[in-house]
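The values are calculated or read from the model by the stated rules, or taken from the named source; none is laboratory data. Please read all numbers here as calculations on a predicted model, not as lab measurements. No Cβ is skipped: glycine too gets one built from the backbone with ideal geometry, and neighbour counts run over all protein chains shown.
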Amino acid sequence: MRMNNELINLAKLLKDRLQIIADHEFRDKDSNAHLESLKRISEAIEDKHQSLKKTLDPRLRHYLSNMSYEKALNHIENSINN
């Protein structure tokens, strides 16, 4: 159960990153703040990845190590729903 919650938290971070990337209005209005938000969320994803690294399945670990974040999100969502 704990791992499931950790994966849900990681999935939320990955979704938040996608939302930041998709927020063109924010980027156009204040590109520096947009970039800082993207850096912060990317660091949070990396921190979560490092804290869970030993318990993640090899494929998810691979996606996160290669920063294939959309693939990682899809993998997590498929794992949770199955």
*Can you name every residue in the range 28-46 that is surrounded by 12 or more Cβ atoms within 10 Å (Cβ to Cβ) and closer than 21 Å to HIS62 by Cβ?*
ILE41, SER42, ALA44, ILE45, GLU46
*Checking MET67 against (1) surrounded by 12 or more Cβ atoms within 10 Å (Cβ to Cβ); (2) in a helix (DSSP H, G or I), which test does it fail?*
(2)
*For the range 7-64, what are the residues that are without any contact (Cβ under 8 Å) to a residue 40 or more places away in the chain, of a type in the set (A, V, I, L, M) and part of a helix (DSSP H, G or I)?*
LEU13, ILE20, ILE21, ALA22, ALA33, LEU35, LEU38, ILE41, ALA44, ILE45, LEU60, LEU64
*Pick from the range 47-60, criterion basic (Lys, Arg) and more than 12 Å from the chain's Cα centre (by Cα), ranking: surrounded by the fewest Cβ atoms within 10 Å (Cβ to Cβ)*: LYS54
*In the range 17-61, what residues are over 14 Å from LEU73 (Cα atoms), of a type in the set (Lys, Arg) and modelled with pLDDT of 95 or more?*
ARG27, LYS29, LYS39, ARG40
